[in-house]
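The values are calculated or read from the model by the stated rules, or taken from the named source; none is laboratory data. Worth saying up front: this structure is predicted, and the values here are computed from it rather than measured. Heads up, the Cβs are rebuilt from the backbone with ideal geometry, glycines too, and the neighbour counts pull from every protein chain shown.
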Amino acid sequence: MTAVELRGLHRRFGDVTALDGLDLSIEAGELIGLLGPSGCGKTTALRVLAGFEQPDRGQVLVGGTDITGTPASRRGMGMVFQSFSLFPNMTAAGNVAFGLRVRKVPAPARRRRAEELLELVGLGEKAKAYPHQLSGGQQQRVALARALAIEPAVLLLDEPLSALDAQVRNQLRDEIRRIQQRLGTTTLFVTHDQSEALSIADRVGVLRAGQVEQLAAPDELYHRPATAFVAEFVGTTNRLQARRVSPDTVEVLGSRRPLAGTGDAEVLVRPEAIGVAADETSGLTVVARTFHGALTRLTVAVDGREVVADVPSPLASGLVPGSRVALTLGDVPLLAA
Amino acid sequence: MIRRLALLLVGLYFLVPLVASFVFTVDGGANVYGQIITAEGFADAFRRSMTLAVLTVAGVLGITIPALLAVHLKLPKWRPVLETLSLIPLAVPPIALVVGVRTLLGYGPDELAGTPVGDVLVSIQDPELPWVLVIVYIVLALPFAYRTLDAGLRGSDVKTLVDAARGLGASWPATLGRVILPQLRPGLLGAAFLTLALVLGEFTVSSILLFETLPVWLLKISGSDAQLSVAVSLASLVFTWLLLLAVSAFDRKEKTS
């Protein structure tokens, strides 16, 4: 069942086009990650859905109802912001209960609900603390509890982790996912951090210049990117020179692969699809090596550009900067750049 | 060493006149401070000044708060315009302002007599409660109130807080009352205090327009009773300090709660 549908959204700010006919639909209970470089329109899309921005054209539908003209205060959506947004004059419990207070829920009921939600985000002890007495991570947990307190039709997360340090970020990210799955809340999560989007979203939409470039499950996005932009934005990718040997075959790193087209081409290859082996007769040398546990990343100079390859660490043991190596191409489909 | 010396000198600079004034008022044994309340004209002048101060605070906040919220939340492009406007009263000398005001007020019982505009001009010159002073004081207080409140708004991310409140279902009045105003409290207190201090100490305008506010009354009696006038000056200084202390204590209590 479709919970949210954004249809042909357009929005301009002066000369800047933030949304250029954006379409997106979200299934009930699904967590969609919206990923893209800054200025791609992802935050604008979220703010239009929340009702903080009006689209110039297009429609916003929630549960099949057109809410394009409904003010933010009557959309019943919970939002967590990038910057710390707790009301500084209220305690954690007061913040969580705010949405219920303006809905005229009786005091005992909203106090119970606030306690319940603070418990859910692991801050049952901090009900009486003021925002300035909480760490950044704790403040964002309270903000999440506050957004969930009103049982939102859609939960909107606008880069909620970007102001936090790495360890807290990963922990809270996993917790957001756990809570979201437990409550089954339809969620839109905006981020510029691809690993964040890939690790918790059911599907990820990659935005470019105000449009969805590709909307797919994380592994599909990574392994079968629809365009060069998606391939280069999601994960690390190498641009390699491919020499055309027949109308539908090219040669890359000594291997022949099918790729239709005319003339030589540039192709995109993931670092893990490139094999590296010592070869004294080769003209290629390792220029850098970084150890990442199970994998070791080797940077090899090829025709004046740097190619990175992730190889299992045991296979990279003898390869240091200066080593002469040969590169091979794994059995992967090629994507023209 | 040099720092202590400097502090000492500055301290003396402020303290000597105060102590000298105080010694002067108690010299001779008569309880001058007790006479203040009953002195002829004091009660009226004091009540008038306080009323003007309260009305001015209400007026200046009533103008600056909506204007500032509008530029912070909706019309950021207008911020430089408003900022410049708010500074104009500082650039115009009060004496120039008051001469203009006096000329305008003169039209009331004169050229415009009998017309609605003339009636308004006359009615705002009531010597018991001169509304014209409220209007002039609002203009004079505008730069201070604007600056103080603007600093308070810049310090906090009001836009995000408003979005958060709206998103949670709060109406505009609820957002204003429960989120924005509590957030602005230190700035509001500061602006209110500055305005209060300005109105209680303002002499030029009220004197030229011939209204008897506290400072005007002070000057009037200083000729007849020097001791009493110095005592009132000291008392009003202490009164202002107490107000300032009350404001900052209120503010600190809020932060630690």
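In segment A:168-179, which residues are within 18 Å of A:Phe81 (Cα to Cα) and either under 16 Å from the mean Cα position of the chain (by Cα) or surrounded by fewer than 20 Cβ atoms within 10 Å (Cβ to Cβ) (or both)?
Those that are within 18 Å of A:Phe81 (Cα to Cα) and either under 16 Å from the mean Cα position of the chain (by Cα) or surrounded by fewer than 20 Cβ atoms within 10 Å (Cβ to Cβ) (or both): A:Val168, A:Arg169, A:Asn170, A:Gln171, A:Leu172, A:Arg173, A:Asp174, A:Glu175, A:Ile176, A:Arg177.
Can you confirm whether segment A:310-319 contains a residue that is surrounded by 14 or more Cβ atoms within 10 Å (Cβ to Cβ), closer than 16 Å to A:Asn238 by Cβ and among the charged types (D, E, K, R)?
yes
Looking at (1) modelled with pLDDT under 90; (2) closer than 27 Å to A:Ile176 by Cβ; (3) not in a loop (DSSP other than H, G, I, E, B), which is the one condition that is false for A:Thr236?
(3)
If a residue has to be within 24 Å of A:Arg47 (Cβ to Cβ) and within 11 Å of another protein chain (Cβ to nearest Cβ) to count, how many in segment B:168-200 make the cut?
Count: 12.
Residue check: is A:Met90 at pLDDT 90 or above, crowded, with 19+ Cβ neighbours inside 10 Å and in contact with a strand residue (DSSP E or B) (Cβ under 7 Å, 6 or more places away or on another chain)?
So A:Met90 does not fit the description; no.
Give the residue, chosen from A:Gly8, A:Gly39, that is surrounded by fewer than 23 Cβ atoms within 10 Å (Cβ to Cβ), assigned to a loop (DSSP other than H, G, I, E, B) and at pLDDT below 95.
Just a single option satisfies the conditions, and that option is A:Gly39.
Which condition from (1) within 14 Å of another protein chain (Cβ to nearest Cβ); (2) surrounded by fewer than 21 Cβ atoms within 10 Å (Cβ to Cβ) is the one that B:Leu218 breaks?
The failed condition is (1).
Looking at this structure, is B:Thr148 closer than 30 Å to B:Pro182 by Cβ, assigned to a helix (DSSP H, G or I) and not small (Gly, Ala, Ser)?
yes
With the requirement that a residue be of a type in the set (A, V, I, L, M), at pLDDT below 85 and surrounded by 15 or more Cβ atoms within 10 Å (Cβ to Cβ), what does segment B:1-56 give you?
B:Val32, B:Ile36, B:Ala39
Search segment B:111-145 for residues being part of a helix (DSSP H, G or I) and at pLDDT below 85, and hand back the single one that is surrounded by the fewest Cβ atoms within 10 Å (Cβ to Cβ).
Looking at residues that are part of a helix (DSSP H, G or I) and at pLDDT below 85, I get B:Pro116.
Can you say whether B:Ser49 is part of a helix (DSSP H, G or I), in contact with a helix residue (DSSP H, G or I) (Cβ under 6 Å, 6 or more places away or on another chain) and more than 18 Å from B:Leu196 (Cβ to Cβ), as far as the supplied structure shows?
It is false that B:Ser49 is part of a helix (DSSP H, G or I), in contact with a helix residue (DSSP H, G or I) (Cβ under 6 Å, 6 or more places away or on another chain) and more than 18 Å from B:Leu196 (Cβ to Cβ).
Return the pair list, or none, for Cβ contacts closer than 8 Å from residues in segment A:70-81 that are under 12 Å from B:Ala170 (Cβ atoms) to residues that are at pLDDT 90 or above and of a type in the set (Asp, Glu), at least 6 apart or on different chains.
Short answer, once both residue conditions are applied: A:Ala72/B:Asp163.
So A:Phe189 ticks every box in (1) in a loop (DSSP other than H, G, I, E, B); (2) more than 14 Å from chain B (Cβ to nearest Cβ) but one. Which box is left unticked?
Here A:Phe189 meets the rest and fails (1).
List the number of the failed condition for A:His132; all other conditions in (1) free of Cβ contacts under 8 Å to residues at least 60 places away in the same chain; (2) crowded, with 19+ Cβ neighbours inside 10 Å; (3) out of contact with any strand residue (DSSP E or B) (no Cβ under 9 Å at 6 or more places or on another chain); (4) of a type outside the set (Asp, Glu) hold.
For A:His132, the failing item is (2).
Please go through segment B:151-165 and pick out each residue that is assigned to a helix (DSSP H, G or I) and not small (Gly, Ala, Ser).
Within segment B:151-165, B:Leu153, B:Arg154, B:Val158, B:Lys159, B:Thr160, B:Leu161, B:Val162, B:Asp163 meet the criteria.
Just for segment A:156-180: of the residues that are touching a residue at least 40 places away in the same chain (Cβ under 8 Å) and assigned to a helix (DSSP H, G or I), which one is nearest to A:Ala50 (Cα to Cα)?
Of everything passing the filter in segment A:156-180, A:Gln180 is nearest to A:Ala50 (Cα to Cα).
Quick one: in segment A:182-209, of everything that is out of contact with any Leu (no Cβ under 8 Å at 6 or more places or on another chain) and more than 20 Å from A:Gly137 (Cα to Cα), which residue is surrounded by the most Cβ atoms within 10 Å (Cβ to Cβ)?
A:Arg208
Of the conditions (1) at the interface with chain B (Cβ under 10 Å from one of its Cβ atoms); (2) touching a residue at least 40 places away in the same chain (Cβ under 8 Å), A:Gln139 satisfies every one except a single condition; which number is it?
Just one mismatch for A:Gln139, condition (1).
Tell me whether segment A:275-283 contains one or more residues that are surrounded by 14 or more Cβ atoms within 10 Å (Cβ to Cβ) and among the β-branched types (Val, Ile, Thr).
Yes, because at least one residue in segment A:275-283 is surrounded by 14 or more Cβ atoms within 10 Å (Cβ to Cβ) and among the β-branched types (Val, Ile, Thr).
Would you mind stating whether A:Arg178 is farther than 20 Å from A:Thr43 by Cβ and at pLDDT below 95?
So A:Arg178 passes the test.
Going residue by residue through segment B:62-76, is there one that turns out to be touching a residue at least 12 places away in the same chain (Cβ under 8 Å), surrounded by 13 or more Cβ atoms within 10 Å (Cβ to Cβ) and within 14 Å of chain A (Cβ to nearest Cβ)?
Taking every residue of segment B:62-76 in turn, at least one turns out to be touching a residue at least 12 places away in the same chain (Cβ under 8 Å), surrounded by 13 or more Cβ atoms within 10 Å (Cβ to Cβ) and within 14 Å of chain A (Cβ to nearest Cβ).
Could you check how many residues of segment B:84-110 are surrounded by 12 or more Cβ atoms within 10 Å (Cβ to Cβ) and outside any helix (DSSP H, G or I)?
Result for segment B:84-110: 3.
Can you tell me how many residues in segment A:45-63 are closer than 21 Å to A:Leu183 by Cα, crowded, with 19+ Cβ neighbours inside 10 Å and over 22 Å from the mean Cα position of the chain (by Cα)?
Total meeting the criteria: 1.
Among (1) assigned to a helix (DSSP H, G or I); (2) at pLDDT below 90; (3) touching a Leu at 6+ places or on another chain (Cβ under 9 Å), where does B:Phe211 come up short?
The one condition B:Phe211 does not meet is (1).
Do we have A:Leu24 as surrounded by fewer than 22 Cβ atoms within 10 Å (Cβ to Cβ), of a type in the set (A, V, I, L, M, F, W, C), under 29 Å from A:Ala163 (Cβ atoms) and under 18 Å from the mean Cα position of the chain (by Cα) here?
It is true that A:Leu24 is surrounded by fewer than 22 Cβ atoms within 10 Å (Cβ to Cβ), of a type in the set (A, V, I, L, M, F, W, C), under 29 Å from A:Ala163 (Cβ atoms) and under 18 Å from the mean Cα position of the chain (by Cα).
If you scan segment A:110-134, which residues turn out to be more than 14 Å from chain B (Cβ to nearest Cβ) and touching a helix residue (DSSP H, G or I) at 6+ places or on another chain (Cβ under 8 Å)?
A:Arg111, A:Glu115, A:Leu118, A:Leu120, A:Val121, A:Gly122, A:Leu123, A:Gly124, A:Lys126, A:Ala127, A:Leu134
Looking at (1) under 24 Å from A:Arg146 (Cα atoms); (2) crowded, with 20+ Cβ neighbours inside 10 Å, find the lone condition where B:Val158 falls short.
The failed condition is (2).
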